[in-house]
Every structure is written in C-alpha cells, then in structure tokens.
Amino acid sequence: MEFFDVIKRRKSVRAFLDKEIPKDMEMKIKEAINLAPSAGDLQSYKVFVVKNESIKKRIADAAYGQMFVADAPLVLVFCADARRSSSKYGRRGMELYALQDATIAAAYAQLAATALGLSSVWVGAFDEDDVKEVIRTELRPVAIIPIGYAAKNPERTPRRSVEELFEEYL
C-alpha cells in the first residue's frame, strides 16, 4: 500500500473480529516498531506484547473498563524507559525524550497495522499504576494499542482544515 494511502486509511477502530493475526504480520509490526526513530537512537522504550485473554481483560479493566481492548487479538503496551534516555540526555531525556520515543514507536505500530489491512486504536486513558502491575514493570506506560481485524468500519472523524492547523512564519 502506498504511504499516503496508509495515512488516509488509518482510523480508530474499537471493535475487533475474533480472528488471530498471522505471525508474519505480527513480526512486520514489530520490525516497523524497531525502525521507529528515537532520540540518539537509544530506543528508550519497551513494548509488552499481550495475547493472553486474562491479562488483556486486566489491561482493559485498568483502561477504565474499555473492554474492546480485551477483544483485540493483539495488545501492545508501550512503556517509556526514562533511565535509558537519561543516560545520555539527563533530565530532558528522562522527562521528555523517552515519552517521545515510546509514542513514535506506537504510531509506527498503528501505521504498520494499517498497511497490513489491520485496525487499531490509541488508548491513552488508563491507570498507569494498574497497567504497571498487570504487565509487571516499573517502566511508565504511555499507550495501549489494541490491534486486530475490524469488526466495524466507523466513519472517519472530522479533521481541522489545513489552514486552521498551521501557522506560517515567512
């Protein structure tokens, strides 16, 4: 699929079919994540891959009951590794770059999933401490990305106009 078609096709899907994602497609998503740019190429994040039904349910509960998370065959939890970034960039790396690294990687995952004909949604509403407990980490959870085959094809939400979005200084 052509890159700009991928961008145009990506939208938030919150209903998934009960259909497993083939291993080669999952690997392509992982490879795309691995290729995401990061500050100093440190990749200051870790991705937790969740397929276990009971753990997905606990993550959905930690996401304030957003049960569609548990319905996805694949759930990726992106966590910032502040210590990894702070080793090179100090406080700014710890407070900002690690978060940016994790979010860029999550965006790459969504684009890769779309390119493969899969759907996803960015979940940012969750209790960080509860998610940390579920996936047994001290790293900071930044985004939960459920991925699967869409059970519904929602309408695209309206976007702001390009003119409204940008301000140019010439």
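Coordinate-derived values only; no laboratory data. What you are looking at is a predicted structure, and each value in this text was computed from that prediction instead of being measured. Because the Cβ atoms are built from the backbone with ideal geometry, glycine has one as well, and the counts that use them run over all protein chains shown.
Look at region 58-85: where a residue is farther than 25 Å from Pro22 by Cβ and in contact (Cβ under 8 Å) with a residue 60 or more places away in the chain and a partner is of a type in the set (S, T, N, Q) and crowded, with 20+ Cβ neighbours inside 10 Å, sitting 6+ places away or on another chain with Cβ atoms under 7 Å, you get Ala80/Ser44. Quick check: is even one residue across region 126-133 of a type in the set (Phe, Trp, Tyr) and in contact with a Leu (Cβ under 6 Å, 6 or more places away or on another chain)? No, region 126-133 contains no residue that is of a type in the set (Phe, Trp, Tyr) and in contact with a Leu (Cβ under 6 Å, 6 or more places away or on another chain). Filter region 107-131 down to residues that are free of Cβ contacts under 8 Å to residues at least 40 places away in the same chain and part of a helix (DSSP H, G or I) and give me whichever is surrounded by the fewest Cβ atoms within 10 Å (Cβ to Cβ). For region 107-131, the residue satisfying everything is Asp129.
Exactly one residue among Phe68, Phe126 is touching a helix residue (DSSP H, G or I) at 6+ places or on another chain (Cβ under 7 Å) and among the aromatic types (Phe, Trp, Tyr), and that residue is Phe126.
Residues considered: Arg58, Arg14. Of these, the only one that is assigned to a loop (DSSP other than H, G, I, E, B) and crowded, with 16+ Cβ neighbours inside 10 Å is Arg14. For region 61-80, residues that are in a helix (DSSP H, G or I) and either among the polar types (S, T, N, Q) or in contact with a strand residue (DSSP E or B) (Cβ under 7 Å, 6 or more places away or on another chain) (or both) total 3. For region 17-55, the set of residues classified as outside any loop (DSSP other than H, G, I, E, B) and of a type in the set (Gly, Ala, Ser) consists of Ala32, Ala39, Gly40, Ser54, listed by residue number.
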